[in-house]
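Below is one structure, written out as structure tokens; the observations come after it.
The values are calculated or read from the model by the stated rules, or taken from the named source; none is laboratory data. Bear in mind the structure is a predicted one, so any value in this text is a computation, not a measurement. Ideal geometry is used to build each Cβ from the backbone, glycine not excepted, and the neighbour counts take in all protein chains shown.
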């Protein structure tokens with residue numbers, strides 16, 4: 001977050017992407033990265049707490065990963081879904 005935000009935010013704003021929408025997309029991407037292998041620290045902690053090998057957990061989670069990726073595409077390319085509440089409260093320009 002600390003590395004990519006200062007690099008990509010000016011590029012996103014130059015492309016006409018709202019900074020709040022960009023933050024939502026960036027946070028959603030980082031959350032997906034936190035639960036997917038090979039880095040997925042939350043996935044490894046969950047498997048460790050449940051005392052299940054990671055090789056048994058990942059195949060069962062593939063449908064959820066697919067659903068998250070589809071939702072990421074929807075949130076990214078249709079800003080209405082992610083910007084409804086900020087616009088409702090007048091937080092956008």
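Quick look at the numbers
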read-out: Residues (in contact with a helix residue (DSSP H, G or I) (Cβ under 6 Å, 6 or more places away or on another chain) and within 15 Å of residue 19 (Cα to Cα)) located in segment 39-80; value: 75, 76, 79
read-out: Inter-residue pairs, beta-carbon under 8 Å, first in contact (Cβ under 8 Å) with a residue 40 or more places away in the chain and in segment 1-19, second not in a helix (DSSP H, G or I), 6+ apart; value: 18/92; 18/93
read-out: For residue 33: the one exception among (1) touching a residue at least 60 places away in the same chain (Cβ under 8 Å); (2) part of a helix (DSSP H, G or I); (3) exposed (fewer than 15 other Cβ atoms within 10 Å of the Cβ); value: (1)
read-out: Complete set of residues in segment 75-93 that are in a helix (DSSP H, G or I) and surrounded by 12 or more Cβ atoms within 10 Å (Cβ to Cβ); value: 75, 76, 79, 81, 82, 83, 86, 87
read-out: Residue check, residue 26 at pLDDT below 95, within 12 Å of the chain's Cα centre (by Cα) and surrounded by 16 or more Cβ atoms within 10 Å (Cβ to Cβ); value: yes
read-out: Flag if residue 39 is part of a helix (DSSP H, G or I) and either at pLDDT 90 or above or surrounded by fewer than 13 Cβ atoms within 10 Å (Cβ to Cβ) (or both); value: no
read-out: Conditions (1) modelled with pLDDT of 90 or more; (2) in a helix (DSSP H, G or I): number failed by residue 52; value: (2)
read-out: Enumeration of residues in segment 1-17 that are surrounded by 10 or more Cβ atoms within 10 Å (Cβ to Cβ) and modelled with pLDDT under 90; value: 4
